[in-house]
Amino acid sequence: MTSHDVVQQVRRIYGERSIGHLGTLDPFATGLLVLLLGRATRLANFLDTEPKVYEATITFGAETDTDDCTGTVIRTADPPAEAAVRSAVRSLTGTISQLPPAYSAKSVDGTRAYDAARRGEPLDLQAVDVTVHAWDIRELAGNALTATVTCSGGTYIRALARDLGRLTSSAAHLNALRRTRVGSFDVTDAATLEELAEAPARVRALRVIADA
C-alpha cells in the first residue's frame, strides 16, 4: 500500500477530497502517516515535523537496486565484523552527505527518479545534506542490525542501509522499516485504516498562532 492509497481510502471514509500528508512512507514500510484534512492542508509548511523516528532492520550480505528488500540483488559480500558496523554507524551520524536512492521520488527536469530507473535510464542524482541525530542499536547479531534511527526530514533510511554496507566493505539493504514519530505526532496515538472505516475518529483541529 502506498501513501496515496491511504489518502484515497481516508477520502472515502471522511468524504473529504482535500487531504495531504506530512511525508511519504515507502510501500513496504509501516507505521505513522500524518494526514491533514480540509483547510488544515494549508498548514503543512507551518508544522514542525522533525525529528522523524524509525525502527529499522538492515540485512548485510546483499545490496539491491532499490536499497531495500523489494529490489533485485546487484551485489553480494560477506557480512562485516561488529566493530566495523559500529564504526560505520558513527560515520553516518550527524550532518552527512547522502545520495538519494535510484528508486526515489526525487526529480530532475520534471522526471521522477523511480520512473527513470524502471526504464533502465537512472537519473544523475546529486547528494544532499541530511542530519542523522542518533542510532540506538537494539540488536546486532549475525547478518542483521536492528536500530531506532532519529533523523531530519529528507533522510532516506534505505540509503543509510546501503551506505552502511559500503562503509563496512560489505553489502546491505533495508529489510524492514516502521515510522514511529513525526515531530510531536506519535504512532501510539494513531488509528489503523480498519479502525477509521469502522468508526471514523474525530480529527484534531490545528491552529497557527503568530509570534508576538
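The values are calculated or read from the model by the stated rules, or taken from the named source; none is laboratory data. Small disclaimer: the values here were computed from a predicted structure and weren't measured. Positions of Cβ are backbone-derived with ideal geometry, glycine not excepted, and every protein chain shown enters the neighbour counts.
Each row is one residue, and each column tells you yes or no for (1) in the same structural domain as Leu167 (by TED's automatic domain parsing); (2) touching a Gly at 6+ places or on another chain (Cβ under 9 Å); (3) within 17 Å of Ala172 (Cα to Cα).
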| residue | (1), (2), (3) |
| --- | --- |
| Thr24 | no, no, no |
| Ile58 | yes, yes, yes |
| Asp67 | yes, no, yes |
| Thr72 | yes, no, yes |
| Arg75 | yes, yes, yes |
| Asp78 | yes, yes, yes |
| Ser87 | yes, no, yes |
| Gly94 | yes, no, no |
| Gln98 | yes, yes, yes |
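Is it true that some residue in segment 123-145 is without any contact (Cβ under 8 Å) to a residue 40 or more places away in the chain and touching a helix residue (DSSP H, G or I) at 6+ places or on another chain (Cβ under 8 Å)?
yes
One line per residue, one yes/no per condition, for (1) within 18 Å of Leu193 (Cα to Cα); (2) in contact (Cβ under 8 Å) with a residue 24 or more places away in the chain; (3) surrounded by 15 or more Cβ atoms within 10 Å (Cβ to Cβ):
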site: Val10; (1), (2), (3): yes, yes, yes
site: Arg17; (1), (2), (3): yes, no, no
site: Pro27; (1), (2), (3): yes, yes, no
site: Leu35; (1), (2), (3): yes, yes, yes
site: Ala40; (1), (2), (3): no, yes, yes
site: Asn45; (1), (2), (3): no, no, no
site: Thr76; (1), (2), (3): no, yes, no
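Out of (1) among the hydrophobic types (A, V, I, L, M, F, W, C); (2) within 18 Å of Thr70 (Cα to Cα); (3) surrounded by fewer than 19 Cβ atoms within 10 Å (Cβ to Cβ); (4) under 17 Å from the mean Cα position of the chain (by Cα), the odd one out for Val187 is which?
(2)
Inside segment 27-54, can you point out the residues that are of a type in the set (Asp, Glu) and either closer than 16 Å to Pro200 by Cβ or at pLDDT 90 or above (or both)?
The one that is of a type in the set (Asp, Glu) and either closer than 16 Å to Pro200 by Cβ or at pLDDT 90 or above (or both): Glu50.
Under 7 Å between Cβ atoms, at least 6 apart or on separate chains: pull out the pairs that start in segment 147-160 with a residue that is closer than 11 Å to Leu177 by Cβ and end on any residue that is of a type in the set (Ser, Thr, Tyr).
Val149/Tyr54; Tyr156/Ser104; Ile157/Tyr54
For segment 12-32, enumerate the residues that are in contact with a strand residue (DSSP E or B) (Cβ under 9 Å, 6 or more places away or on another chain), farther than 17 Å from Ala44 by Cβ and either of a type in the set (A, V, I, L, M, F, W, C) or not in a strand (DSSP E or B) (or both).
If the condition is that a residue be in contact with a strand residue (DSSP E or B) (Cβ under 9 Å, 6 or more places away or on another chain), farther than 17 Å from Ala44 by Cβ and either of a type in the set (A, V, I, L, M, F, W, C) or not in a strand (DSSP E or B) (or both), then Tyr14, Asp26, Phe28, Ala29 are the ones that fit.
Exactly one of (1) on the phi < 0 side of the Ramachandran plot; (2) in contact with a strand residue (DSSP E or B) (Cβ under 9 Å, 6 or more places away or on another chain); (3) of a type outside the set (Ser, Thr, Tyr) is unmet by Gly94. Its number?
Failed condition: (1).
I'm told Ala197 meets every condition in (1) modelled with pLDDT under 95; (2) within 24 Å of the chain's Cα centre (by Cα); (3) not in a loop (DSSP other than H, G, I, E, B) except one. Can you identify the failing condition by its number?
Just one mismatch for Ala197, condition (2).
Which of the numbered conditions does Arg178 fail, given that it passes all the others? Conditions: (1) assigned by TED's automatic domain parsing to the domain that holds Ile13; (2) modelled with pLDDT of 95 or more.
(1)
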